[in-house]
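See below for the structure under consideration.
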Amino acid sequence: MTASSEFTAIDEHAAADDALVVRFFDGRHSRPYAALLKVRGGTLTVAPEDDATPVSVPLAAVRWPERTRHGGRLAQLPDGASLQALDVAAWDDWVGRHHRHESWVVRAQQNWRSVAVALVLLFAAVAAMYQWGLPWVATGVTAAVPRSVDALVGQQVLASLDDSLLKPTTLSPDAQQRIRDGFARMIQHAHPDGAPAVQLEFRSARDPRFGPNALALPGGTIVLTDALVELMPGEDDAVLGVLGHEFGHVLRRHAMRQLVQASAVGFAMSIAFGDYGTLIGSAPVLLATLGYSRDLEREADAESVRLMRASGISPRVMASFFEALERWRADPKADRGGKSGDDAIGLAFSSHPATAERIEFFKNAAQE
């Protein structure tokens with residue numbers, strides 16, 4: 001008797017006996033056998049049509065497949081044998097009556113509305129992880145990174161900037177020292193018990209598009225461009241306010257946190273195996289393309305206010321600075337290498353432009 005005639009013959013007995021016709025693989029041969037499935041008292045019996053000895057196993061020991069909208073059904077028996085459905089709809093109905101009810105997960109998978117809701121929830125979870133979870137993880141990972149790594153990254157980034165964007169300052173030694181001294185006094189007044197060491201570097205820009213700029217590098221190096229000092233001639237307090245903002249980034253290791261967040265997987269591997277070489281090497285490229293989040297900028301602005309107040313400087317000077325920066329951006333005669341103001345702002349202030357919100361913040365701080 002051929003396999004197809006076997007299945008036809010056995011199907012005639014199935015309906016009367018509440019059995020299910022299946023293909024039975026005994027685990028020893030590749031050829032399937034026609035068989036009837038029956039359930040009695042928690043036991044599954046597989047009765048091959050060729051009069052071979054029936055196979056009985058506990059119903060709970062059978063590994064039933066999860067129902068899907070498309071595809072076949074294949075159940076695994078404990079001894080390596082398996083069962084394959086001939087009629088998927090009949091299989092699902094029979095298993096539902098004799099074995100178990102489907103879980104809500106399986107039922108939901110068969111409903112397009114449930115699938116659509118699940119996708120929306122998934123996208124919401126991913127967005128929440130990116131918005132809140134990743135920064136939280138980055139903060140914890142940064143705390144585990146040795147500060148010596150910050151210093152190495154800062155050196156690497158400064159060397160890269162000197163090779164590409166920056167050149168030696170043209171400010172007079174007296175002007176540089178005056179700003180250094182004022183900045184040191186600000187930090188001392190605001191943090192009499194000690195603060196992270198900072199190194200102030202003066203540079204001029206090779207490219208006019210870099211413009212008035214200040215940026216804090218990992219490890220405590222702060223770079224200040226000549227154009228920023230010259231933006232408000234004779235207003236050292238405004239320059240000190242900007243440096244106070246950059247000190248806020250240094251104090252809270254914002255640059256390293258952004259670097260960790262941008263390369264979270266790589267940093268996790270580095271912490272696990274103690275190898276920071278690849279990360280240090282890639283830091284200049286990453287930091288050149290990163291911008292601080294609004295929350296980090298607010299933290300740095302708050303630290304700037306703290307330093308200015310401790311030194312008797314009105315936070316109003318920072319509002320004036322941002323207003324002057326806006327005028328520079330809008331000035332068609334400003335030397336920006338032929339670029340518009342929006343394109344010309346350099347590395348640091350392109351990530352936190354002079355918005356009305358921040359100007360208002362410093363004006364309010366001056367009134368308090």
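The values are calculated or read from the model by the stated rules, or taken from the named source; none is laboratory data. The shown structure was predicted, so the numbers you read here are calculated from the model rather than taken from an experiment. Cβ coordinates were reconstructed from backbone atoms using ideal geometry, including for glycine residues, and neighbour counts include every protein chain displayed.
Does any residue in the range 253-270 that is aromatic (Phe, Trp, Tyr) come within less than 6 Å, Cβ to Cβ, of a residue that is modelled with pLDDT of 65 or more six or more places away or on a different chain, and which pairs are these?
267/141; 267/260
Scan the range 136-188 for residues that are modelled with pLDDT under 95, crowded, with 16+ Cβ neighbours inside 10 Å and among the hydroxyl-bearing types (Ser, Thr, Tyr) and jot them down.
Scanning the range 136-188 gives 142, 160.
Matching residues to (1) polar (S, T, N, Q); (2) part of a helix (DSSP H, G or I); (3) on the phi > 0 side of the Ramachandran plot; (4) at pLDDT below 80:
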| residue | (1), (2), (3), (4) |
| --- | --- |
| 212 | no, no, no, no |
| 227 | no, yes, no, no |
| 241 | no, yes, no, no |
| 249 | no, yes, no, no |
| 260 | no, yes, no, yes |
| 272 | no, yes, no, yes |
| 282 | yes, yes, no, yes |
| 288 | no, yes, no, yes |
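So, in the range 199-210, exactly how many residues are surrounded by fewer than 22 Cβ atoms within 10 Å (Cβ to Cβ) and in a helix (DSSP H, G or I)?
Final tally of qualifying residues: 2.
Looking at residue 187, is it within 13 Å of residue 223 (Cα to Cα), assigned to a helix (DSSP H, G or I) and of a type in the set (A, V, I, L, M)?
Details: within 13 Å of residue 223 (Cα to Cα): no; assigned to a helix (DSSP H, G or I): yes; of a type in the set (A, V, I, L, M): yes.
Spelling it out, it is not the case that residue 187 is within 13 Å of residue 223 (Cα to Cα), assigned to a helix (DSSP H, G or I) and of a type in the set (A, V, I, L, M).
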